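Chemist: The structure follows.
The values are calculated or read from the model by the stated rules, or taken from the named source; none is laboratory data. Quick caveat: nothing in here was measured; it's all calculated off a predicted structure. Here the Cβ is made from the backbone with ideal geometry for all residues, glycine too, and neighbour counts use every protein chain on show.
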Amino acid sequence: MKMTVVKAAGGTDEVDIADAMFGVPFKEHLIHQIVVAYQAGGRSGTRAQKNRAAVSGSTKKPWAQKGSGRARAGNIRSPIWRGGGKTFAATTQDFSQKVNKKMRRVALRSIMSELIRQDRLITVDEMRSGPKTKDFLASLTVFGITGRSPNVLIVADEGAEGLALAARNLYRVAVRSCERIDPVSLISHEKVIMTVAAVKKIEEMLA
């Protein structure tokens, strides 16, 4: 199949892409599973509280079981004591879900194909900009992206560091290299701009 390429200098061109990579049907159930797994992997799960075994303090029985007139007590680490351990202490958790490489590749191929069908993927011959945000926004107008804060994802094969510097003050603009694309970023942005070299590299990665 043919893909239209927008030139930075003006005009358009065409490039051949594989139907097996960018012409697959939309697999909603698989994409949902991949997105949930990706978001779950980003959870830290680092909460922690101390139970009676983790708090400091003697394990000696503070007084005799009978005869003192006070309540029975085993040790001062008891949860009912001030400074004692938590009854049901929270522990660190791992929320990550296992996702096979084949499932991830199929899901990304499905997302890329749907972006093309919805005209949300813009392929350009090159995407370069200096560190100034003003120059970066001006370069986007060539590709039909206007506004002071566009909702766009930029995927570049090289020079992603310079683009990231120019776009870091724009909270709805994200810059990714080919190796760091993820399903959530591809879905959540209105437009996705990719260089031809990035498209070819992703085509090799998802083959």
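Chemist: What's the number of the only condition in (1) touching a residue at least 40 places away in the same chain (Cβ under 8 Å); (2) farther than 21 Å from Met3 by Cβ; (3) not hydroxyl-bearing (Ser, Thr, Tyr) that Gly162 fails to meet?
Modeler: Looking at each condition in turn, Gly162 falls short on (1).
Chemist: Across the stretch 187-207, what is the total count of residues that are surrounded by 15 or more Cβ atoms within 10 Å (Cβ to Cβ), more than 19 Å from Val5 (Cβ to Cβ) and of a type in the set (A, V, I, L, M, F, W, C)?
Modeler: 2
Chemist: Is it true that Asp135 is surrounded by fewer than 14 Cβ atoms within 10 Å (Cβ to Cβ) and either among the aliphatic types (A, V, I, L, M) or assigned to a loop (DSSP other than H, G, I, E, B) (or both)?
Modeler: No.
Chemist: Could you tell me which residue of the stretch 52-84 is surrounded by the most Cβ atoms within 10 Å (Cβ to Cβ), considering only residues that are β-branched (Val, Ile, Thr) and without any contact (Cβ under 8 Å) to a residue 24 or more places away in the chain?
Modeler: Restricting to residues being β-branched (Val, Ile, Thr) and without any contact (Cβ under 8 Å) to a residue 24 or more places away in the chain, the top hit is Ile76.
Chemist: To continue, here is another question. Determine whether Thr46 is loosely packed, with under 10 Cβ neighbours inside 10 Å, in contact (Cβ under 8 Å) with a residue 12 or more places away in the chain and either out of contact with any Leu (no Cβ under 7 Å at 6 or more places or on another chain) or over 29 Å from Gly144 (Cβ atoms) (or both).
Modeler: Criteria met by Thr46.
Here's the yes/no breakdown for (1) on the phi > 0 side of the Ramachandran plot; (2) over 30 Å from the mean Cα position of the chain (by Cα); (3) not assigned by TED's automatic domain parsing to the domain that holds Thr141:
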| residue | (1), (2), (3) |
| --- | --- |
| Ala8 | no, no, no |
| Thr12 | no, yes, no |
| Asp19 | no, no, no |
| Glu28 | no, no, no |
| His32 | no, no, no |
| Lys60 | no, yes, yes |
| Trp63 | no, yes, yes |
| Trp81 | no, yes, yes |
| Thr87 | no, yes, yes |
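Chemist: Within the stretch 21-41, can you find the residues that are surrounded by fewer than 12 Cβ atoms within 10 Å (Cβ to Cβ) and either in a helix (DSSP H, G or I) or without any contact (Cβ under 8 Å) to a residue 40 or more places away in the chain (or both)?
Modeler: Listed by number, the residues that qualify are Glu28, His29.
Chemist: More than 21 Å from Gln39 (Cβ to Cβ), surrounded by 15 or more Cβ atoms within 10 Å (Cβ to Cβ) and at pLDDT below 95: does that describe Ile122?
Modeler: In short, yes.
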